[in-house]
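The values are calculated or read from the model by the stated rules, or taken from the named source; none is laboratory data. Owing to the predicted nature of the structure, the values given are computational and were not obtained by experimental measurement. Methodologically, a virtual Cβ is constructed for each residue, glycine included, from the backbone with ideal geometry; neighbour enumeration extends over all protein chains shown. When the accessible area is computed, the model is the full protein with side chains, heavy atoms only, and any ligands, DNA or RNA have been set aside. Shrake-Rupley method; radii C 1.70, N 1.55, O 1.52, S 1.80 Å.
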Amino acid sequence: MSIKDTLKQDNIRTRIAFVIGLVFGVGLMAGEQGFLGDIWRYYSEDIIYLAKQHVILVLVSSGLAILVGVPAGIWLSRDWMARYSETALQIFNIGTTIPTLAILALSITLLGIGFTPAVFGLWVATLLPIVRNVYQGLREVPAYLKEAATGMGMTPRHILLSVELPNALYVIFAGVRTAVAVNVGTVPLAFLIGGGGLGELIFTGIDLNDPQMLLAGAIPVALLSMLADFLLAKAQYWLIPRGVNPLR
Amino acid sequence: MITLDKLSKVFETPGGGTVIAADQVSMEVPEGEICVLLGPSGCGKTTTLKMINGLIPKTNGKIHVAGRDTDELNPVELRRSIGYVIQQIGLFPNMTIQDNICVVPDLLGWDKNKSRKRAAELLELVNLDPGIFLNRYPKELSGGQQQRVGVIRALAADPPVLLMDEPFGAIDPINRAVIQDEFLKMQKEIRKTIAFVSHDIDEAIKMADKIAIFRDGKLEQYSSPDDLLARPANDFIASFLGSDRTLKRLSLLSVSDVMLGDQIRVTAQDDVSRARDMMREAGHKNIVMVGPQGRARGFVHLNDIADVQGRVEEHYQALPTVVNVHDDLRTAVSRMFRHDTTWLACVDDDGFFKGFITQRAISHALGATYRDAATVAAK
Ligand SMILES: Nc1ncnc2c1ncn2[C@@H]1O[C@H](COP(=O)(O)OP(=O)(O)OP(=O)(O)O)[C@@H](O)[C@H]1O
Ligand SMILES: [Mg+2]
C-alpha cells in the first residue's frame, strides 16, 4: 500500500471518527439532559418540513447558478470576448461586495415576496463566484496547450471539451464549492422575504427569545452546510481526473 | 515532401508598424529527410514552421505538403496529417499517456484497440515500458520521459510529415543527446519528412540532412551540414557557425571514412624481423599486434626493435587507447590529444582490429573539401 493510500485511509478514518463522535455527542445530550431530545420532540415535524424547503432552495438556486454560470464563464473566456470580459468581471466583482441581504431585499422590489424572489436572490449571490472561477480557470489553461491542440488538428469545440474544461475543472470546482457555501449560509435569510426554509425557526426563535426554537433551526442548518461541503469535497476528489487534481 | 515557394509573413504590430518575420522564403525538404531551420532568436524559424500547418496564416507565397497545395486543404484535416511537436512538449495534463498518444488517431476515428496497441508499440520504441507508463499522467513522468512521449505522440497517426519546434529544448544536455540518438535511430526506419527548428548549431549538425540558415526572416543558405560548415555563403553565416566550424565538421565524419584499412599486422609469435620488414615496406613507424582471433592487443614501434632479436611478444607495448570504427572523428581526435599520439588503432564492436587512423589522414579529409573548391575555382 502506498503512502498516498494510507493518507487517504487516514483521512477517511478521521471523518468517520468525527461523525461517530458527533452522533455520540448528540445522543449523550439527548439521553442525559434530554435537551436536544426535547427539541426534536417539539420541532421534528417543523424541522423536517422546513429542511425540505431549505434543501429545495439550495438545490434550485445553486443548480440554476451552475447552469447559467458555467456557460457564462465559458463565453466570457473566449478570445473574441477578451475586450469586454474584464469589464464584465469588474461589474461582477462589484456585485459580490453587495451584501446578500441587500440583494434579497432588492429582489423583493422586482419580484415581490415568496419562493421565486428568494431563489432569484440566492441565484445572484451564487452566480458570481461560479462565473469568476470558470472564467479564471479557463483563462489559466496555458496558451501552449491550446496551440498544441490546434496544431494536432482539434476543432475549437474539441479543445474546449477535451483540453480547456478538464484542465480548468479544479478551479471551476473550487468556485462551485465557494458558491454553494455562500448559498447554504444565505438560505436562512430567504425566510425574511417569504422563501421559507429553516430560517423560519431561527428568526422566530430570536423574535420570541426562545433558544430551543432557535437551535431547532440553527443545528440543522449547520449540519446541512457541513454535509453539503463534505459531499462537494468528495465529488471534487473523485470526479476530477488524477492528472489535474492536486489533491490526488 | 515540403515545398515553400516565396513564402512571406508580415506581422502588424500594435504601434502600427510591421515586422517581416518571413521574407520570400523558398526551399524544399525532400522526402524522408530532416531539414533543420537554424538561426538567431527572432529570425523567423517558428513563424515559418507554423505557416506550414496553418497555425500562423501566411501573408504571401505557396506551401505544398506531400504534393498538395495547403490553400486547397481544410486546415483541420491538414493538421491531422502532419505530426507536430512543440518546445513546451504540450502533453495534456488531464489525459493519461495512452490517451495523449492517441489524440490524433482518436480525432481521425481510428479503432480504439488498434490505436491503443500502437501507443504501446511506440512507447517501446523510445524505451519506455508500456506496462508502467500507459496509464500514468504527464505529471508523473520526468522531463525527458515527457519529451519522448511528445515525440511519439506526433508519430501516432503515422503522418508522412513532421514539424518539430525545438523538440528537445526543454531537457538537460545529457538527456538531450540520448533522445537525439534515439530519434535518429528511429528516423532511419520511419523515414519521415521533417522540418525541425533549432537554435543550437551542434544539434543542427547532428540531426540535419540539410540546414536552412535564417536571418531577419530571410533564408540565407540552404545546404548540407558539411557543405555549410566548409563553405558558409557569407560573413554572417560564418560568424554564426563560429570560428571553430572546421572542428565541428569532425562530428560529421566517422572513423571509417578516413581509416587506413590496410591490414598489416603481426602476432605475438612473429619474429621482430618480420615486423621490421613489414613496417619498412609499408613506410610505417608502428605496427599493431593482434591476438589469435584478430583482436588488437598492442603495438611495436620501429625504433624499439631497430636492432633487437626475438619475438614480438617480448617487445610490444600496450595500446594507449583504441577507437571504434563507428565513432565520429571528434571522438578520435579527442582521444589522440588526450593520449598524446598521432595515430589510433581502429576496432569494430567486438574489438577486432580493422585499421588505423592518423592525424594527417584527418586533416587531409577535412582539407579535401577546400582543395576541391580551389580546383573548381581555378578551372
Ligand atoms: N504574433 C506576432 N505579432 C507580431 N510580431 C511577431 C509575432 N510573432 C512573432 N513576431 C515577430 O516575428 C519575428 C520572428 O519570430 P519567430 O517566433 O518566428 O522567431 P524564432 O526564429 O522562432 O525565434 P526564437 O529562436 O527566439 O524562437 C520576431 O521578430 C517576432 O518578434
Ligand atoms: Mg521559435
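Only residues that are away from ligand 2 (no atom under 11 Å from the Cβ), open to solvent by less than 30 Å² (accessible area, probe 1.4 Å), outside any strand (DSSP E or B) and under 25 Å from B:PRO225 (Cβ atoms) were counted in the range B:25-69, giving 3. Figure legend. Inter-residue proximity from the range B:336-352: first residues more than 15 Å from B:VAL258 (Cα to Cα), second residues basic (Lys, Arg), beta-carbon distance below 7 Å, spacing 6+ or different chains. Indicated pairs: B:GLY351/B:ARG295; B:PHE352/B:ARG295.
Of B:LEU91, B:LEU123, all but one fail to be away from chain A (no Cβ under 14 Å), surrounded by 21 or more Cβ atoms within 10 Å (Cβ to Cβ) and under 23 Å from B:GLN180 (Cα atoms); the exception is B:LEU123. Is there any pair with a first residue in the range B:357-369 that is under 16 Å from B:ASP328 (Cα atoms) and a second that is polar (S, T, N, Q) whose Cβ atoms are under 7 Å apart and which are 6 or more apart or on different chains, and what are they? Taking only residues 6 or more apart or on different chains, the pairs are B:THR358/B:THR342; B:GLN359/B:THR342; B:LEU366/B:THR246. Considering the conditions (1) within 15 Å of ligand 1 (Cβ to nearest atom); (2) within 14 Å of another protein chain (Cβ to nearest Cβ); (3) without any contact (Cβ under 8 Å) to a residue 24 or more places away in the chain, B:GLU77 is excluded by exactly one of them, (1). Counting the residues of the range B:168-218 that are within 16 Å of ligand 2 (Cβ to nearest atom), open to solvent by 60 Å² or more (accessible area, probe 1.4 Å) and at positive phi gives 1. Annotation: of all residues in the range B:99-115 being within 20 Å of B:LEU78 (Cα to Cα), more than 9 Å from chain A (Cβ to nearest Cβ) and not in a helix (DSSP H, G or I), the one that is least open to solvent (accessible area, probe 1.4 Å) is B:CYS102. Of all residue pairs spaced 6 or more apart or on separate chains, those with beta-carbon atoms under 6 Å, a first member in the range A:128-148 that is within 14 Å of chain B (Cβ to nearest Cβ) and in a helix (DSSP H, G or I) and a second member that is open to solvent by less than 50 Å² (accessible area, probe 1.4 Å) and among the small types (Gly, Ala, Ser) are A:GLY137/A:ALA168; A:LEU138/A:SER77; A:LEU138/A:ALA168; A:TYR144/B:GLY90; A:LEU145/B:GLY90; A:ALA148/B:GLY90.
Scanning the range B:267-322 for residues that are within 16 Å of B:THR341 (Cα to Cα) and of a type in the set (Gly, Ala, Ser), which turns out least open to solvent (accessible area, probe 1.4 Å)? The selected residue is B:GLY298.
Given the condition modelled with pLDDT under 90 and either part of a helix (DSSP H, G or I) or among the small types (Gly, Ala, Ser) (or both), answer yes or no: does some residue in the range B:313-321 qualify? The answer is yes, given that some residue of the range B:313-321 is modelled with pLDDT under 90 and either part of a helix (DSSP H, G or I) or among the small types (Gly, Ala, Ser) (or both). Return the total of residues in the range A:92-135 being modelled with pLDDT of 85 or more, of a type in the set (S, T, N, Q) and buried (at least 18 other Cβ atoms within 10 Å of the Cβ). Here the count works out to 3.
Can you confirm whether A:GLY217 is away from chain B (no Cβ under 11 Å), surrounded by 24 or more Cβ atoms within 10 Å (Cβ to Cβ) and at positive phi? No; evaluated as a whole, the condition is false for this residue.
Mind telling me which of the residues B:ARG136, B:ARG153, B:ARG148, B:ARG118 ends up being more than 16 Å from ligand 2 (Cβ to nearest atom), in a helix (DSSP H, G or I), assigned by TED's automatic domain parsing to the domain that holds B:ILE190 and open to solvent by 50 Å² or more (accessible area, probe 1.4 Å)?
Within the list B:ARG136, B:ARG153, B:ARG148, B:ARG118, the selection yields B:ARG118.
Residues considered: B:ARG136, B:ARG176, B:ARG191. Of these, the only one that is farther than 25 Å from B:PHE240 by Cβ, in contact (Cβ under 8 Å) with a residue 24 or more places away in the chain and under 16 Å from the mean Cα position of the chain (by Cα) is B:ARG191.
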